[in-house]
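Asker: A single structure is presented below for examination.
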Amino acid sequence: MTQPDKTIPKAKRRWLPHPSAPADISQLLDSASGDLPLAERHLWLVQLMDWIRSGEPVSGVKYVVRQLAPPSERRTKVVALLSAFWRDIDVAALLADYGFAARTSFSDELGERLRTRLLPLSPATTDLASLFNLLFSDPKDADWLMQLDDAVLADLAALWREAIDAIKAAPLGWHEPFYDAIMFLSSQVRAEGFSRELRGRMGMRVDVDFDGVGSGAEVAAPTPTRQAFRQLVYVAENLHVLALKGAVGPSPHVDVQGTLLQEAQYLRALLDTCVKAAQGIHDHLEANGVSIDIVFQIDQLSERCRRIEQLLGCVLSSQPTLDLRALIVDLIQVGAKRSGVRALFTQHYSLLARKVAERSAETGEHYITRDRAEYLTMLRRASGGGAVLAGTTFLKFAVLAMGLSPFWSGLAAGTNYALSFVIVQLLHFTVATKQPAMTAPAMAAKLADTRSEEAVEGFVDEVAHLFRSQMAGILGNLMVVAPVVLAAQSLSWWVFRRPLIDVNSANHVLDTLTFWGPSLWYAAFTGVLLFVSSLFAGWLENWFVLHRLDSALRWNPRIRATLGPQRAVRWAAWWRHNISSLGSNVSLGLMLGLVPVIAGFFALPLDVRHVTLSTGQLAAAAGTLGPAVLHHPQLWWCVAAIPLTGLLNVSVSFVLALRVAMRSRGVRIKDRARLQAALWRRVRCHPLSFLLPPR
């Protein structure tokens with residue numbers, strides 16, 4: 001057997017022999033027999049496909065057709081094998097099940113795709129859906145199938161027709177499994193349409209009250225969708241009955257063919273109604289939170305309806321050969337798509353990514369300043385945040401002084417950070433490094449139409465506003481946290497005659513925060529954690545809305561009895577407006593404390609460097625070591641690392657958040673160049689717009 005020459009370019013090696021392809025096609029054809037065991041029959045078909053695929057496939061198919069030209073003993077053997085194959089194989093399983101998940105769950109489909117990729121397939125099966133992947137193992141099979149001319153297709157159809165007619169088992173011949181598959185698919189579509197997840201969301205609208213927040217009172221809109229789902233199976237069964245009547249013989253009293261066509265047209269109308277109803281659920285999800293499993297169910301239902309229409313086209317077509325080829329090509333493409341795990345995530349997480357980005361965008365709007373008054377307000381809020389984090393700095397040293405085990409020490413530090421961030425939120429203060437991950441989606445929202453110059457300029461304006469806001473936030477944090485920490489140290493020297501932290505802790509701070517250590521790498525990693533916290537915040541708010549917890553807080557009888565009706569309304573509104581920020585603050589604080597401990601358990605060189613907290617620690621170390629530390633070079637290397645730490649915190653989290661937001665908005669790669677050009681043009685022409693607020 002000829003082996004591929006690895007020196008030949010890949011493009012030219014495309015049609016070289018497959019390793020499992022038989023060397024002599026004549027010998028393979030002569031070995032065909034209807035008496036072969038099931039597994040060997042299937043292996044024979046797999047070897048035939050490998051031989052066709054090993055050379056130029058179109059020419060290979062034509063050669064096989066010529067070798068089987070009637071009358072010949074070779075053709076008789078192959079027909080007998082194909083007859084036995086058709087008799088024992090479940091064709092309807094391929095038509096009704098291939099490409100669809102056995103359970104309408106995203107996680108189950110993910111597991112099925114992983115099993116398909118990792119586990120070998122066996123040809124010893126009566127399920128054609130399982131065997132199909134072995135027969136058409138190369139996605140390029142769809143290309144050469146479409147290149148077969150009408151004469152070759154007619155010869156192949158005649159070969160299969162002869163094999164199927166030899167069985168004489170089903171009155172409808174090759175149509176029988178197609179009608180069965182239509183009935184199976186119709187039953188599955190009806191079951192999905194009547195499932196709790198979809199039934200409760202079809203034709204529903206949500207009333208809105210306090211400040212645009214949904215009350216959770218869903219009202220059913222008049223819709224014929226339930227009747228359409230209910231009728232599907234009845235119409236599919238009636239189609240089968242009419243086809244059987246037509247196969248038995250024409251009736252002098254009933255136009256069976258005309259009735260069959262009318263019933264098929266009615267079935268298509270029902271399918272169209274069902275698909276529109278399912279796709280309409282996306283509007284409900286936009287307003288009420290996204291569920292990946294529900295999105296997956298919608299896609300599965302729509303694809304099953306499309307498959308039914310394809311099968312109808314095959315059984316009702318005057319030239320079924322072309323429709324059958326189109327169906328097989330589509331099945332090959334579906335199989336190739338279903339084998340990819342990445343495609344599954346890309347397809348079904350896009351909507352969730354957009355909703356997470358939009359939730360973050362709503363939260364991030366108040367971090368952007370657009371005039372001088374907002375700029376000064378940001379400075380005041382950031383100053384307050386710096387004052388709170390000054391206390392956080394000393395609490396961290398207190399946690400370390402307790403000498404707890406690594407996990408409990410990390411949990412205590414994370415709880416300290418989380419509580420501090422929540423206090424900053426409740427007091428309406430600001431931590432500068434939390435801004436970029438939340439404001440990037442708000443900026444991406446300006447890119448709904450990147451072809452418009454106004455949209456591009458609007459995006460550049462948002463960049464300038466954001467950069468200015470970042471400068472105000474960082475400046476406000478740092479200009480307060482350092483003086484407050486130094487003032488606390490001075491007060492401790494005056495009252496207790498000793499600093500709040502010992503000399504060893506102070507020297508450790510200088511050793512770890514130095515410019516020449518891994519601080520900058522840790523600062524970039526902290527930017528990743530800031531980004532992850534924003535994703536968690538968007539996901540948590542989506543989960544909160546999806547499960548209608550705001551409605552539960554407002555209308556639950558026990559909660560209303562405990563809080564009172566008016567307070568329950570205010571409490572529901574407060575949680576709806578603050579759940580995202582709370583999720584972001586708590587998740588970030590816990591990650592800052594626990595991730596370094598978990599990474600250390602796996603011997604990973606990871607730690608965190610937060611610019612405001614690092615500045616507070618450095619000020620605390622300076623307060624302990626006294627004025628003499630000003631002559632210590634190690635202090636100034638730590639000071640030099642502070643601005644780069646802030647830059648990496650901000651830039652990494654911003655870039656990651658903007659990337660997700662832009663992908664969720666579908667911004668094309670070529671449009672990003674226009675955005676960059678417009679941004680650099682603004683930097684050259686109006687550089688001060690990135691630093692000073694407009695008058």
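Asker: Return yes or no: is residue 64 within 17 Å of residue 325 (Cβ to Cβ), assigned by TED's automatic domain parsing to the domain that holds residue 40, at pLDDT 90 or above and of a type outside the set (Asp, Glu)?
Answerer: On the way: within 17 Å of residue 325 (Cβ to Cβ): yes; assigned by TED's automatic domain parsing to the domain that holds residue 40: yes; at pLDDT 90 or above: yes; of a type outside the set (Asp, Glu): yes.
Criteria met by residue 64.
Asker: Tally up the residues in region 527-563 that are β-branched (Val, Ile, Thr) and in contact with a Gly (Cβ under 8 Å, 6 or more places away or on another chain), please. It would help to see each step written out before you state the result.
Answerer: To start, the set of residues in region 527-563 that are β-branched (Val, Ile, Thr) comprises 528, 532, 545, 559, 562.
Pick out the ones that are also in contact with a Gly (Cβ under 8 Å, 6 or more places away or on another chain) and you get 545.
So the count comes out to 1.
Asker: Taking residue 126, is it under 18 Å from residue 163 (Cα atoms) and touching a strand residue (DSSP E or B) at 6+ places or on another chain (Cβ under 6 Å)?
Answerer: yes
Here is a yes/no grid of residues against (1) modelled with pLDDT of 85 or more; (2) in contact with a Cys (Cβ under 8 Å, 6 or more places away or on another chain); (3) closer than 25 Å to residue 540 by Cα:
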| residue | (1), (2), (3) |
| --- | --- |
| 305 | yes, yes, no |
| 328 | yes, no, no |
| 332 | yes, no, no |
| 351 | no, no, yes |
| 386 | yes, no, no |
| 404 | yes, no, no |
| 417 | yes, no, yes |
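Asker: May I pose another question? If you go through region 291-299 one residue at a time, do you hit one that is of a type in the set (S, T, N, Q), touching an Asp or Glu at 6+ places or on another chain (Cβ under 7 Å) and more than 21 Å from residue 174 (Cα to Cα)? Lay out the reasoning, then the answer.
Answerer: Here is the first cut: in region 291-299, the ones of a type in the set (S, T, N, Q) are 291, 297.
Narrowing further to those that are touching an Asp or Glu at 6+ places or on another chain (Cβ under 7 Å): 297.
Pick out the ones that are also more than 21 Å from residue 174 (Cα to Cα) and you get 297.
Checking region 291-299: at least one residue is of a type in the set (S, T, N, Q), touching an Asp or Glu at 6+ places or on another chain (Cβ under 7 Å) and more than 21 Å from residue 174 (Cα to Cα).
Asker: Here's something else I'd like to know. Go through (1) touching a residue at least 60 places away in the same chain (Cβ under 8 Å); (2) among the small types (Gly, Ala, Ser); (3) within 30 Å of residue 545 (Cβ to Cβ) for residue 583 and report which single condition fails.
Answerer: With respect to (1) touching a residue at least 60 places away in the same chain (Cβ under 8 Å); (2) among the small types (Gly, Ala, Ser); (3) within 30 Å of residue 545 (Cβ to Cβ), residue 583 is out only on (1).
Asker: For residue 539, indicate whether it is hydrophobic (A, V, I, L, M, F, W, C) and surrounded by fewer than 16 Cβ atoms within 10 Å (Cβ to Cβ). Full working, then the answer.
Answerer: Working: hydrophobic (A, V, I, L, M, F, W, C): yes; surrounded by fewer than 16 Cβ atoms within 10 Å (Cβ to Cβ): no.
The answer is no for residue 539.
Asker: Taking residue 293 as the residue in question, decide whether it is modelled with pLDDT under 80 and closer than 27 Å to residue 113 by Cβ.
Answerer: So residue 293 passes the test.
Every residue, every condition in (1) in contact (Cβ under 8 Å) with a residue 12 or more places away in the chain; (2) in contact with a His (Cβ under 6 Å, 6 or more places away or on another chain), yes or no:
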site: 277; (1), (2): yes, no
site: 296; (1), (2): yes, yes
site: 314; (1), (2): yes, no
site: 319; (1), (2): no, no
site: 326; (1), (2): yes, no
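Asker: Which one of these does residue 156 not meet: (1) at pLDDT below 90; (2) aliphatic (A, V, I, L, M); (3) assigned to a helix (DSSP H, G or I)?
Answerer: Condition not satisfied by residue 156: (1).
Asker: Here's something else I'd like to know. Return the residues of region 457-511 that are of a type in the set (Asp, Glu), surrounded by fewer than 20 Cβ atoms within 10 Å (Cβ to Cβ) and within 33 Å of the chain's Cα centre (by Cα); say none if nothing qualifies.
Answerer: Residues of region 457-511 that are of a type in the set (Asp, Glu), as a first pass: 457, 461-462, 502, 511.
Of the ones still in play, those that are also surrounded by fewer than 20 Cβ atoms within 10 Å (Cβ to Cβ) are 457, 461, 502, 511.
Result: 457, 461.
Asker: For a quick check of your reading: which helices (runs of 4 or more DSSP H) sit entirely within region 521-613 and have at least 3 residues that are over 22 Å from residue 478 (Cα atoms) and β-branched (Val, Ile, Thr)?
Answerer: Details: elements: 549-555, 557-563, 565-601.
It comes to 565-601.
Asker: Taking region 231-250, which residues are at pLDDT 80 or above and out of contact with any helix residue (DSSP H, G or I) (no Cβ under 7 Å at 6 or more places or on another chain)?
Answerer: 234, 241, 244
Asker: Taking residue 124 as the residue in question, decide whether it is more than 37 Å from the chain's Cα centre (by Cα) and surrounded by fewer than 20 Cβ atoms within 10 Å (Cβ to Cβ).
Answerer: Details: more than 37 Å from the chain's Cα centre (by Cα): no; surrounded by fewer than 20 Cβ atoms within 10 Å (Cβ to Cβ): yes.
The answer is no for residue 124.
Asker: A follow-up question, please. Quick one: which residue in 14, 87 is closer than 29 Å to residue 180 by Cα and either modelled with pLDDT of 95 or more or surrounded by fewer than 15 Cβ atoms within 10 Å (Cβ to Cβ) (or both)?
Answerer: On the way: 14 fails: closer than 29 Å to residue 180 by Cα.
That would be 87, the only listed residue that is closer than 29 Å to residue 180 by Cα and either modelled with pLDDT of 95 or more or surrounded by fewer than 15 Cβ atoms within 10 Å (Cβ to Cβ) (or both).
Asker: Something else: So, residue 114, is that one assigned by TED's automatic domain parsing to the domain that holds residue 305, out of contact with any Ser or Thr (no Cβ under 6 Å at 6 or more places or on another chain) and in contact (Cβ under 8 Å) with a residue 40 or more places away in the chain or not?
Answerer: Values: assigned by TED's automatic domain parsing to the domain that holds residue 305: yes; out of contact with any Ser or Thr (no Cβ under 6 Å at 6 or more places or on another chain): yes; in contact (Cβ under 8 Å) with a residue 40 or more places away in the chain: yes.
Against the criterion (assigned by TED's automatic domain parsing to the domain that holds residue 305, out of contact with any Ser or Thr (no Cβ under 6 Å at 6 or more places or on another chain) and in contact (Cβ under 8 Å) with a residue 40 or more places away in the chain), residue 114 qualifies.
Asker: For region 65-136, which helices (runs of 4 or more DSSP H) that fit wholly inside it have 2 or more residues that are of a type in the set (S, T, N, Q) and either closer than 21 Å to residue 31 by Cβ or touching a Pro at 6+ places or on another chain (Cβ under 9 Å) (or both)? Before you say what the answer is, go through the steps one by one.
Answerer: Numbers: elements: 73-88, 91-97, 106-118, 128-135.
Here the list reads 73-88.
Asker: Of these, 148, 153, 119, which one is in the same structural domain as residue 198 (by TED's automatic domain parsing), at negative phi and among the hydrophobic types (A, V, I, L, M, F, W, C)?
Answerer: Values: 148 fails: in the same structural domain as residue 198 (by TED's automatic domain parsing); 153 fails: in the same structural domain as residue 198 (by TED's automatic domain parsing).
When all the criteria are applied, what remains is 119.
Asker: What do you reckon, is residue 675 at pLDDT 90 or above, over 19 Å from residue 530 (Cα atoms) and either assigned to a helix (DSSP H, G or I) or of a type outside the set (D, E, K, R) (or both)?
Answerer: Values: at pLDDT 90 or above: no; over 19 Å from residue 530 (Cα atoms): yes; either assigned to a helix (DSSP H, G or I) or of a type outside the set (D, E, K, R) (or both): yes.
The answer is no for residue 675.
Asker: May I pose another question? Which of the residues that make up region 137-150 are part of a loop (DSSP other than H, G, I, E, B) and acidic (Asp, Glu)?
Answerer: If the condition is that a residue be part of a loop (DSSP other than H, G, I, E, B) and acidic (Asp, Glu), then 138, 149 are the ones that fit.
Asker: Right, something else. Any residue at all in region 565-579 that's in contact (Cβ under 8 Å) with a residue 24 or more places away in the chain, out of contact with any Leu (no Cβ under 7 Å at 6 or more places or on another chain) and within 28 Å of residue 649 (Cα to Cα)?
Answerer: Yes, region 565-579 has at least one match.
Asker: Exactly one of these conditions fails for residue 48: (1) under 24 Å from residue 305 (Cα atoms); (2) in a helix (DSSP H, G or I). Give me its number.
Answerer: Result: residue 48 passes all but (1).
Asker: Among (1) surrounded by fewer than 21 Cβ atoms within 10 Å (Cβ to Cβ); (2) under 19 Å from residue 230 (Cβ atoms); (3) at pLDDT 90 or above, which single condition is residue 313 missing?
Answerer: That leaves (2) as the condition not met.
The values are calculated or read from the model by the stated rules, or taken from the named source; none is laboratory data. Just so we're clear, the structure is a prediction, and the values are computed from it rather than from any experiment. Heads up, the Cβs are rebuilt from the backbone with ideal geometry, glycines too, and the neighbour counts pull from every protein chain shown.
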